[in-house]
Amino acid sequence: MTKRQPYPSFWRKLYTRLNNKRIFRYAKRWFYLLLFLAVFGGYIANDIPLYCQYNGQVQFPIFQKTLSSFGYSTPFNEMTNWDDEAFTAKVYPIIPYSARAIDLANSGFKSPFGKQQIKSYRYRHWLGTDQIGRDVLSGMISGARISILVSLIGMGIATIIGLFLGSMSGFYGNRRLKFSFGQMAFLSIGLLLFSWLFYALPIYFSENGIAQYRAIVGLGLLVLFILLWKVVQLNPLGKQNIFIPIDSMTIFSLEAFGAIPKLLLVLVIGALFPPSLFVIAFIIGITHWPSITRFTRSEMLKIKEKEYILSAQMQQIPQYLILFRYALPNAIGPALIVIMLGIGEAIMVEAFLSFLGFGLPGDVVSWGQFLAASRLHFSAWWLAVFPGLAIFLTIYAANKMGELLMEEMGQK
Amino acid sequence: MTRYVLKRLLLLVPTLIIISMITFGLSTLTSGDPVEQMLGYSIYGDEMTQQEVDANLKQYQLIAQQYHYDLPSFYFSISPANYPDTLHRIIPLSEKQYVTQLLKIYGDWSAIDKYQKSIAQWRNDFLQKERKTNNYSSIIHILNQLNQATSEIEIENLLQQLSTFDEEWTTDQPAITHKLFVKMKSSSRKKILIPKFTWHGFNNQYHHWFGGILKGDFGYSLRDRKPVIQKIWMSLPNTLWLNIMTLIIALVAGVGFGVYMSTHPENWGSKILMTKLYAWLAIPSFWLASLFIIFLTTNDYGAWTNLFPSGGIGSFPPGASFLKKIMIRSSHLFLPVLSMVLPTLAIIAIQVRRSLSAELQKTYIKTAVLKGVSHRSVVWKHGMRNALFPLITLFGTVLPGLIGGSVAIESIFNIPGMGQLLLVSIVGKDWPIVFGILLITAVLTVISLLIADLLYARLDPRIDLTGKQSIYD
């Protein structure tokens, strides 16, 4: 048993207080469920057995498939006929359908309450089927993974941009981020050169076919960059300082970005690029940083006046250390509220894109795609109700968690 | 106040320029050839003779010139040093993409240029030959392939195939092409790594596009070459109807609910309302709309569920009275507006409750109560005045959200508004309309945000307008 610390940390206290609320516990459990389905969905709904014997030899097909996706084992062929007599003692998962498996006997929108062409109740489509006979329930389980992945990666990108820009602009303001002339010249030229090489090097090396060259050259450039930075810090070009008005720059980009309606921007970018999970996550990332930036910035404005920051400044600790070691960790808590709200919004955006047909490619099943399918066939209400309910509950849970966090932290 | 307004208006200019640059930057990422889309047919074809292709190219050039597609895209460009300055002049777009691909693989522009011209010459020479043999079509096919091949292996393979038809050639163009290919292959590629800055001047696509927008000309649809602004103008009223109705209803109901909840916090009604509001906030409006259209507009679930018309905005019979017109319009707009109202209403009500509850705790309210001001007057005159300020800033988030959300609602209920135009244009790759809509909604949002800010400054005397402090702090 671990010894309980006499003074619990800020985060532990916050968590304990939140956990005392029933609604928070429910929201938390909903997210645990989604995470569980995202990771182990393949073991709950799949059309290949969990366990079987092949000519008397014990096999775990789904587990082997998971291993093979990490490159450790050879999977069964996609075309393996599991009804073959060589396979005995088969144990199927709870839902014996995978998200993409087509059940021809039950194609054409079979209702969850209606008659289904099934061997036994073990094979029933509990939430119905879609037009080509795919199981809605297993599709929703696979959709949980998509939603979780898209929202976590997307909000991760947004959080990195938002925390960085917001804390820099709040902490440094317009008159405190200063560089000597030499540093400034080095930084700007170095940045331009770096972005140029980022564009030109792949073109140059793609035809020569020496891929590892790229990594070596990139690493060499980085080392050169750091070495030169040390030289530049000796200030060979004099100590004339240049200020970077980072606050005005951030505010300006916030204003410009905030002006374009987010959903329209998402829609247009989604239509421009061939859809994939990472493209959608990226779109969510680059459209959701403004709110995090704004929140972190206003929090940072309060924090930088606090005594511990002032005392750190008295001790001549470098500014960037004060920012990243003292100030930023205290701004993360409040930013968590916006991030939590953003996760709900990210799931909504993914569903919105899929709903309008600009989402993930056809071979990936997501919640929004069921809603889109329901528009073609009004009598198939189960395609709209159940996936929509999942979207709604997830957004509701995320909103509620954000709201409770806000209450506990005493934010407005 | 005047100084503040002027300052805000001046700040608007760079914001608009940045927005236009973002929009234009996105528009350069589009796929497809806009000029070919305007022409409506492809200029190349396996069966086409050289004369036909030339005639098509002339037509292409005319349209490209008319709509400025033959100009460089921005004031300047940064490209690898082996790119020619006049890359933008190569038409059609497919040819430009082919040359760009060659430039990425081989270093020397003059060698590439000569090689490419010699293939065209080769094809031309072959087409002019009088006697046509059995191999004619297969040779033309390979030559066309050669005119698109970029990688070394691909070109070598095609040249190998062509060398089996050696008796067909009347000129020594094949040998020249071979020689030029070897020269192009062995040219140095080091120039690719060196950046080159080119200044194109003011005669560029962005300049013409932005200048046109300032004059109210947003370009032309690639479908029917109609002005973009005309198409948007036709669809704007329906979207505005939808959004303004939604906003008014959400505002009235939201403020009402918010005031009720903050003045009767212990009432069971307000507790139920509170949980309801958080649920409404989480409902995606497009899901709600799908549920409405599935369950309330068809006979699929019994005759009594067919309550509303299933789409469109309704057409008026001739000679309909004003009341009848309103009835038809409102029966069609009821469900779309309702599905957009609920989430918006929830945001407004929660905000009003939050700020009004905070205001009602303050001492000046106590003073007012103690000196005998009536309850209604305390809430609406003293409290609400201060509580409404956050609501003004809320418009900044509500309005763009509504415009974005109405895309899905319009497509579900088949309302011919701006959102549906946007969707149709995206599917049809009619990009000038897409980016026109993006820009117009952005400008509308910026202006409404500005109005909200100015209103805020006008109404709240606590805001310092002397300009000593940054307006953002």
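The values are calculated or read from the model by the stated rules, or taken from the named source; none is laboratory data. None of the values given here were measured: they were computed from a predicted structure. Positions of Cβ are backbone-derived with ideal geometry, glycine not excepted, and every protein chain shown enters the neighbour counts. In case anyone asks, the SASA skips ligands and DNA or RNA and just uses the protein heavy atoms, side chains included. Shrake-Rupley method; radii C 1.70, N 1.55, O 1.52, S 1.80 Å.
Points to keep in mind about this one:
- Note on the range B:370-388: residues that are within 21 Å of residue B:352 (Cβ to Cβ) and not in a helix (DSSP H, G or I) total 3.
- Number of the exception - residue A:168 against (1) out of contact with any helix residue (DSSP H, G or I) (no Cβ under 6 Å at 6 or more places or on another chain); (2) crowded, with 16+ Cβ neighbours inside 10 Å: (1)
- Just one of the listed residues (A:149, A:67, A:104) is open to solvent by 30 Å² or more (accessible area, probe 1.4 Å) and not assigned by TED's automatic domain parsing to the domain that holds residue A:363, and it is A:67.
- Scope the range B:200-211; condition under 22 Å from residue B:425 (Cβ atoms) and either surrounded by fewer than 17 Cβ atoms within 10 Å (Cβ to Cβ) or in contact with a helix residue (DSSP H, G or I) (Cβ under 6 Å, 6 or more places away or on another chain) (or both); matching residues: B:206, B:208, B:210
- Against the conditions (1) over 21 Å from residue B:154 (Cβ atoms); (2) open to solvent by less than 60 Å² (accessible area, probe 1.4 Å), residue B:89 satisfies every one except (2).
Results for (1) outside any loop (DSSP other than H, G, I, E, B); (2) in contact (Cβ under 8 Å) with a residue 60 or more places away in the chain; (3) over 30 Å from residue B:413 (Cα atoms); (4) more than 8 Å from every other protein chain (Cβ to nearest Cβ), shown as yes or no for each residue.
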{"residue": "A:264", "(1), (2), (3), (4)": "yes, no, no, no"}
{"residue": "A:268", "(1), (2), (3), (4)": "yes, no, no, no"}
{"residue": "A:275", "(1), (2), (3), (4)": "no, yes, no, yes"}
{"residue": "A:280", "(1), (2), (3), (4)": "yes, yes, no, yes"}
{"residue": "A:291", "(1), (2), (3), (4)": "yes, yes, yes, yes"}
{"residue": "A:310", "(1), (2), (3), (4)": "yes, no, yes, yes"}
{"residue": "A:320", "(1), (2), (3), (4)": "yes, no, yes, yes"}
{"residue": "A:326", "(1), (2), (3), (4)": "yes, no, yes, yes"}
{"residue": "A:334", "(1), (2), (3), (4)": "yes, yes, yes, yes"}
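- Scanning the range B:441-457 for residues that are at pLDDT 80 or above and of a type in the set (A, V, I, L, M) yields B:442, B:443, B:444, B:446, B:447, B:449, B:450, B:451, B:452, B:454, B:455.
- Looking across the range A:352-399, the residues that are in contact (Cβ under 8 Å) with a residue 24 or more places away in the chain and farther than 19 Å from residue A:135 by Cα come down to A:352, A:353, A:356, A:358, A:359, A:393, A:394, A:395, A:396, A:397, A:398, A:399.
- From the options A:58, A:39, residue that is assigned by TED's automatic domain parsing to the domain that holds residue A:389 and either more than 25 Å from residue A:407 (Cα to Cα) or without any contact (Cβ under 8 Å) to a residue 24 or more places away in the chain (or both): A:39
- Restricting attention to the range B:34-72, the residues that are more than 30 Å from residue A:253 (Cβ to Cβ) and either hydrophobic (A, V, I, L, M, F, W, C) or assigned by TED's automatic domain parsing to the domain that holds residue B:425 (or both) add up to 11.
- Among the residues making up the range B:238-247, those that are farther than 14 Å from residue B:407 by Cα and open to solvent by 60 Å² or more (accessible area, probe 1.4 Å) are B:244, B:245.
- Residues being open to solvent by 30 Å² or more (accessible area, probe 1.4 Å) and assigned to a loop (DSSP other than H, G, I, E, B) - total across the range B:6-44: 9
- Which numbered condition residue A:344 misses (of (1) of a type outside the set (Lys, Arg); (2) at the interface with chain B (Cβ under 9 Å from one of its Cβ atoms); (3) closer than 26 Å to residue B:444 by Cα): (3)
- Of the criteria (1) more than 12 Å from chain A (Cβ to nearest Cβ); (2) in contact with a helix residue (DSSP H, G or I) (Cβ under 7 Å, 6 or more places away or on another chain); (3) not aliphatic (A, V, I, L, M), which one residue B:86 fails: (2)
- Apart from one condition, residue B:2 fits all of (1) open to solvent by 50 Å² or more (accessible area, probe 1.4 Å); (2) among the polar types (S, T, N, Q); (3) under 22 Å from the mean Cα position of the chain (by Cα); the exception is (3).
- In the range B:157-174, the residue that is farthest from residue A:197 (Cα to Cα) out of those that are open to solvent by less than 70 Å² (accessible area, probe 1.4 Å), in a helix (DSSP H, G or I) and at pLDDT below 85 is B:168.
- Checking residue B:141 against (1) in contact (Cβ under 8 Å) with a residue 60 or more places away in the chain; (2) surrounded by 15 or more Cβ atoms within 10 Å (Cβ to Cβ); (3) not hydroxyl-bearing (Ser, Thr, Tyr), the condition it does not meet: (2)
- Helices (runs of 4 or more DSSP H) contained in the range B:262-369 and holding at least 1 residues over 37 Å from the mean Cα position of the chain (by Cα), surrounded by fewer than 19 Cβ atoms within 10 Å (Cβ to Cβ) and at pLDDT 90 or above: B:268-282, B:322-360
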